[in-house]
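*Asks:* Sharing a structure with you now.
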Amino acid sequence: MTTTDLAPWPQLTGNEPCRASDADPEDWTGTLKQRAKGKEECLANCPATTRKQCLAWALDHPTKAGSGIWAGTTYTDRRRLRELRAATD
């Protein structure tokens, strides 16, 4: 796979909960409890088109995405999605 096959960084609008001026970065990267809050915020308030791009990026860049919340998914969620994608390829 070449780098051109990888999803690009999501086009953020500024309306995402993770980009809000009062957003706590720990809600997406902190403890399990904090990440649960970030996941809930993302699923409830992030634009669907942004979540789609965000998820594609996180699936294609697992090391960079790390254990943080991306598109309302956890590291474990994304690992399962990558396994399902690999099984269908």
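*Asks:* At 7 Å along the Cα-to-beta-carbon direction for both R79 and A20, put a label point, then send me their distance in nm to one decimal.
*Replies:* Label at R79, label at A20, 3.0 nm between them.
*Asks:* While we're looking at this one, here's another question. With the full set of protein chains in place, find how many percent of the accessible area of the stretch 16-89 is carbon and sulfur; take the probe as 1.4 Å.
*Replies:* Working: 2530 of 4690 Å².
For the stretch 16-89, the apolar C and S fraction of the accessible surface comes to 54 percent.
*Asks:* Tell me, what ³J(HN,Hα) does each residue in the stretch 54-70 have, in order and in whole Hz, if you take phi through Karplus 6.51 cos²θ - 1.76 cosθ + 1.60 with θ = phi - 60° and put x for Gly and Pro?
*Replies:* So the J values, rounded to whole Hz, are 5, 5, 4, 5, 5, 5, 7, 10, x, 5, 5, 5, x, 9, x, 7, 10.
*Asks:* Rank C54, L12, A23 by how far each Cα sits towards the positive end of the charge dipole of the chain (+1 on Lys, Arg Cβ; -1 on Asp, Glu Cβ) and give me just the farthest.
*Replies:* The residue sitting farthest along the positive end of the dipole is C54.
*Asks:* Using the alpha-carbon atoms, what tilt in degrees (0 to 90, nearest 10) does helix 32-45 show relative to the longest principal axis of the chain?
*Replies:* Here the helix axis deviates by roughly 90 degrees.
*Asks:* What number comes out for accessible area per residue over the chain if the probe is 1.4 Å? Units Å², please. Please report the intermediate quantities before stating the final value.
*Replies:* Working: 6040 Å² over 89 residues.
Per residue, the chain has an accessible area of 68 Å².
*Asks:* To the nearest 20 debye, what charge dipole does the chain have about its Cα centre, counting +1 at the Cβ of each Lys and Arg and -1 at the Cβ of each Asp and Glu? Intermediate results must be reported in sequence, preceding the final value.
*Replies:* Details: 13 positive and 12 negative charges, 46 e Å.
Result for the chain is approximately 220 debye, rounded to the nearest 20.
*Asks:* Continuing with this model, one more query. Rounded to the nearest Å, what's the spacing between the alpha carbon centres of the stretch 64-79 and the stretch 19-35? Just the number, please.
*Replies:* Their Cα centres are 13 Å away from one another.
The values are calculated or read from the model by the stated rules, or taken from the named source; none is laboratory data. These numbers were taken from a predicted model, which means no experiment stands behind them. Please note: Cβ atoms are built from the backbone with ideal geometry, for glycine as well, and neighbour counts cover all protein chains shown. Note: accessible area is taken over every heavy atom of the protein model, side chains too, but ligands, DNA and RNA are not part of it. Shrake-Rupley method; radii C 1.70, N 1.55, O 1.52, S 1.80 Å.
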